[in-house]
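The values are calculated or read from the model by the stated rules, or taken from the named source; none is laboratory data. Keep in mind that this is a model prediction, so the values were computed, not measured. Note: ideal-geometry Cβ built from the backbone for every residue, glycine included; neighbour counts use all protein chains shown.
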Amino acid sequence: MEIKQVGVVGAGQMGNGIAHVFALAGYDVLITDISEASLTKALETIERNIERQVSRGKVLSADKRAAMERIKTTLKLADLGQCDLIIEAATERETVKQAIFEDLLPHLKPTTILTSNTSSISITRLASRTDRPEKFMGFHFMNPVPVMQLVELIRGIATDQETWDAMHAVVRKLGKTAASAEDFPAFIVNRILMPMINEAVYTLYEGVGNVKSIDESLKLGANHPMGPLELADFIGLDTCLAIMNVLHEGLADTKYRPCPLLTKYVEAGWLGRKTQRGFYDYRGEVPVPTR
């Protein structure tokens, strides 16, 4: 299974990061989104981020030019049909992901491998809605994609060995490290990380500490590079809540119950950095705690 052309569905933060690393690794990349503005913004972001790598001596200027030339965009999902590998990086909602795969199916080559960058949704269930569950896998990149070294590879119940081997080889070519995860809610990283973030929100909710003291405690007391509430803002509080709901529903254990305060922030539209307000207010020069 030789992978040459890669399709990326979704031009947001994860999608443009995935396109960035694949193009630098020598793959031809085709990105699709429902918005031309999103595609334009994605190309600008990729160029800016690769230029940052050039300025730090991590990437040659010639390699940057070559990578940008390998990236193309389209508004038509069907155009991805001839790709060898497709990575879905759309919104973390199962109905959206299912609709994307169903729309793709009539246009695919028989050999095309389908993957999802989902951080928590069942790979087996997503695969079952396609015509090739044996060629379907979870391909979960960490954010920010160009910086983070880990990729979780999640095998669905029907994923065959050939597909697994092909994706493992792709991760190596990207210069990243693969972690094998079983198809259970939230896999490895988020199964451990999200309950910690949720517990930090409970700690805030119950008045044990404020935003600043909770984040400082984990940074200085546990040597974490970011505090859990700062990290939640970076990830997106809507994403954190969605993953906690998947854990709660999928494992039926009350220890995964989302904190009511997390739900309240999401209902207010305070989703973190992307909306300028979350556990911190980012509208000024310096982030200010909101509680």
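Some observations on this one:
- Top-ranked residue in the stretch 142-155 [being assigned to a strand (DSSP E or B), of a type in the set (A, V, I, L, M, F, W, C) and more than 12 Å from the chain's Cα centre (by Cα); ranked as farthest from ALA186 (Cα to Cα)]: LEU153
- Close pairs from the stretch 92-120: first free of Cβ contacts under 8 Å to residues at least 24 places away in the same chain, partner surrounded by fewer than 24 Cβ atoms within 10 Å (Cβ to Cβ) and of a type outside the set (Asp, Glu), Cβ under 7 Å, at least 6 apart: VAL96/ALA90
- Checklist (1) of a type outside the set (Phe, Trp, Tyr); (2) touching a residue at least 40 places away in the same chain (Cβ under 8 Å); (3) within 20 Å of LEU247 (Cβ to Cβ); (4) buried (at least 18 other Cβ atoms within 10 Å of the Cβ) applied to GLY156, failing item: (2)
- Checking each residue in the stretch 26-43 for being under 19 Å from the mean Cα position of the chain (by Cα) and either aliphatic (A, V, I, L, M) or farther than 15 Å from ALA89 by Cβ (or both) picks out VAL29, LEU30, ILE31, ILE34, LEU39, ALA42, LEU43.
- Taking the stretch 1-18 as the range and being part of a loop (DSSP other than H, G, I, E, B) and surrounded by fewer than 23 Cβ atoms within 10 Å (Cβ to Cβ) as the test, the residues that pass are MET1, GLU2, ILE3, LYS4, GLY12.
- The residue list ILE197, ILE192 contains one member that is surrounded by fewer than 18 Cβ atoms within 10 Å (Cβ to Cβ) and not basic (Lys, Arg), which is ILE192.
- Of the candidates ALA186, ALA178, the single residue that is without any contact (Cβ under 8 Å) to a residue 40 or more places away in the chain, buried (at least 16 other Cβ atoms within 10 Å of the Cβ) and of a type in the set (Gly, Ala, Ser) is ALA178.
- Some residue of the stretch 19-41 being free of Cβ contacts under 8 Å to residues at least 12 places away in the same chain, acidic (Asp, Glu) and assigned to a helix (DSSP H, G or I): no
- Single residue of ALA179, ALA158 found to be at pLDDT 95 or above, farther than 30 Å from SER213 by Cα, assigned to a loop (DSSP other than H, G, I, E, B) and in contact with a strand residue (DSSP E or B) (Cβ under 9 Å, 6 or more places away or on another chain): ALA158
- Taking the conditions (1) closer than 30 Å to GLY227 by Cα; (2) out of contact with any Gly (no Cβ under 8 Å at 6 or more places or on another chain); (3) surrounded by fewer than 15 Cβ atoms within 10 Å (Cβ to Cβ) in turn, PRO144 satisfies each one other than (2).
- With a requirement of 3 or more residues that are within 20 Å of the chain's Cα centre (by Cα), the helices (runs of 4 or more DSSP H) lying completely within the stretch 214-278 that satisfy it span 228-235, 237-251.
- Subset of the stretch 66-78 that is free of Cβ contacts under 8 Å to residues at least 60 places away in the same chain and in contact with a strand residue (DSSP E or B) (Cβ under 8 Å, 6 or more places away or on another chain) - its residue that is surrounded by the fewest Cβ atoms within 10 Å (Cβ to Cβ): LYS76
- Residues in the stretch 121-141 that are in a loop (DSSP other than H, G, I, E, B), out of contact with any helix residue (DSSP H, G or I) (no Cβ under 7 Å at 6 or more places or on another chain) and touching a residue at least 40 places away in the same chain (Cβ under 8 Å): 1 in all.
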